[in-house]
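I have placed the structure first, in the form of structure tokens, so that the comments after it can refer back to it.
The values are calculated or read from the model by the stated rules, or taken from the named source; none is laboratory data. Small disclaimer: the values here were computed from a predicted structure and weren't measured. With ideal geometry, Cβ positions are generated from the backbone for all residues, glycine too; neighbour counts draw on all protein chains shown. Ligands, DNA and RNA are stripped out before the accessible areas are found, and what is left, the full protein with its side chains, is counted by its heavy atoms. Shrake-Rupley method; radii C 1.70, N 1.55, O 1.52, S 1.80 Å.
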Amino acid sequence: MSESHGDEQQSAPQAHATLETGVPSTEEALRKRHTARARSAADRTRAACRCAGVETDPGAVIAVPTEAAAKAANALRLSADALVALAEGAPDPAADARQARNAAAASVLAARTARDHGADELSEAAYQAALKASQAAGTAAGREGLGRNEVLNTEAEAAEAAASAAARAAGWV
């Protein structure tokens, strides 16, 4: 690259994202995508907890939960923590993707509680979709993606959308 373009040079991950999509991806745009997934997962967590009769009682949050209600209460706290972390500081695709992954993982805990409470095919499908969304979010945040890989982010978004649809079908949302 010539010296006149030195200020425009992209980092390796940014250049990689540009090559994959054909459109330069900014850290702020990535944060919006990761935040949207985290919010969706947090909404699923709250809805699953409501369906299972778990309140958002801060006193129910304990260090090592063993009962379903305590696990669900911890999931609510973890989802909220992920959203707070996404709202703070400068955008960082890797860290932001980890927060979206945390929210999706927390949603699995709540989905398990709601599934066990409802114990029908739709609840099982919503739980399985939550698992897939969590796995896809983990892959997008993982070593290969670091929150920047277009294909992995798109897969995580599709899995989150499917988990939201399954939660609605189960009557959680």
**Study point:** Protein accessible area in the range 70-173, 1.4 Å probe - carbon and sulfur %
**Key:** 54 percent
Exercise for review: Please list the radius of gyration and Dmax for the range 121-173, considering alpha-carbon atoms only, with Å as the unit.
Suggested key: 11.8, 35
**Study point:** Whole-Hz ³J(HN,Hα) from phi, Karplus 6.51 cos²θ - 1.76 cosθ + 1.60, for the range 86-97, glycine and proline x
**Key:** 5, 7, 9, x, 7, x, 9, x, 5, 5, 5, 5
Review point. Each residue of the range 104-119 in order: what ³J(HN,Hα) in whole Hz does its phi give by Karplus 6.51 cos²θ - 1.76 cosθ + 1.60, θ = phi - 60°, with x for Gly and Pro?
Key: 5, 5, 4, 5, 5, 4, 5, 5, 5, 5, 5, 4, 5, 6, x, 6
Study note, to complete from the structure: Given backbone amide H placed at 1.01 Å from N, residues whose amide H is under 5 Å from that of V173, ignoring those fewer than 5 places away on the same chain, are R168
**Study point:** Probe 1.4 Å, accessible area per residue of the range 75-173, Å²
**Key:** 45 Å²
Exercise for review: Mind giving me the nanometre distance, one decimal, between the label points for E55 and T26, set 7 Å out from Cα along Cα→Cβ?
Suggested key: 4.4 nm
Review point. Taking amide H positions as placed 1.01 Å from N in the peptide plane, with prolines and chain starts having none, which residues 5 or more places from G142, or on another chain, fall under 5 Å of its amide H?
Key: G147
Point to revise | In Hz, Karplus ³J(HN,Hα) per residue of the range 136-144 (6.51, -1.76, 1.60; θ = phi - 60°; x = Gly, Pro) | key: 5, 5, x, 5, 5, 8, x, 4, 6
Point to revise | 5 Å-binned pair-distance histogram of the range 41-173 (Cα, whole percent) | key: 2, 13, 21, 22, 19, 13, 7, 2, 0
